[in-house]
1. Identify the residue in segment 27-55 that is of a type in the set (Val, Ile, Thr) and within 11 Å of the chain's Cα centre (by Cα) and, among all such residues, is farthest from Met76 (Cα to Cα).
2. Could you check how many residues of segment 67-76 are in contact (Cβ under 8 Å) with a residue 12 or more places away in the chain and more than 9 Å from the chain's Cα centre (by Cα)?
3. Return the pairs, sorted by first residue and then second, in which the second residue is surrounded by 13 or more Cβ atoms within 10 Å (Cβ to Cβ) and assigned to a loop (DSSP other than H, G, I, E, B), the first residue lies in segment 43-66 and is in contact (Cβ under 8 Å) with a residue 60 or more places away in the chain, the beta carbons are less than 8 Å apart, and the residues are 6+ apart or on different chains.
4. Under the condition of being over 10 Å from the mean Cα position of the chain (by Cα) and touching a residue at least 24 places away in the same chain (Cβ under 8 Å), which residue from segment 4-14 is farthest from Glu48 (Cα to Cα)?
5. Looking only at segment 43-69, how many residues end up being over 12 Å from Lys6 (Cα atoms), small (Gly, Ala, Ser) and modelled with pLDDT of 95 or more?
6. For Asp27, state whether it is modelled with pLDDT of 95 or more, surrounded by 11 or more Cβ atoms within 10 Å (Cβ to Cβ) and charged (D, E, K, R).
Amino acid sequence: MQICIKLLANYRNNLPEGTNGDQISIDVPEDIRPEKILEMFSIPPIPESVVLINGRTMVPGEPLNEGDVVCAFSAMAGG
């Protein structure tokens, strides 16, 4: 199945060389979990990262579906 990976801010550097922009589409196994995608792209786990699936907060262990968009960026703190 195909999903879209969108990496923002400094995570953009984790996309494969030659990627144009901040996202790519990839083929993945039907039973893949979001955590595996983070691992594939060397993205730090939550709470160091904000991870959204189709614009909603990722639920650990929830399977991905055809056409899902996985978006990740650094968690920020401020004051």
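1. The residue in question is Ile37.
2. Step one: filter segment 67-76 for residues in contact (Cβ under 8 Å) with a residue 12 or more places away in the chain, giving 67-75.
Restricting the remaining residues to those that are more than 9 Å from the chain's Cα centre (by Cα) gives 67-68, 74-75.
Qualifying residue count for the region: 4.
3. Leu64/Met1; Leu64/Val28; Leu64/Ile32; Leu64/Arg33; Asn65/Met1; Glu66/Met1
4. From segment 4-14, those over 10 Å from the mean Cα position of the chain (by Cα) are 9-10, 12-14; that's our starting set.
Within this subset, residues satisfying the condition of being touching a residue at least 24 places away in the same chain (Cβ under 8 Å) are 9-10, 14.
Working: Ala9: 14, Asn10: 13, Asn14: 15 Å.
That would be Asn14.
5. 1
6. Values: modelled with pLDDT of 95 or more: yes; surrounded by 11 or more Cβ atoms within 10 Å (Cβ to Cβ): no; charged (D, E, K, R): yes.
Against the criterion (modelled with pLDDT of 95 or more, surrounded by 11 or more Cβ atoms within 10 Å (Cβ to Cβ) and charged (D, E, K, R)), Asp27 does not qualify.
The values are calculated or read from the model by the stated rules, or taken from the named source; none is laboratory data. Here the structure is a predicted model, which is why all the values come from computation and not from measurement. In this analysis, Cβ positions are derived from the backbone assuming ideal geometry, glycine residues included, and neighbour counts consider all displayed protein chains.
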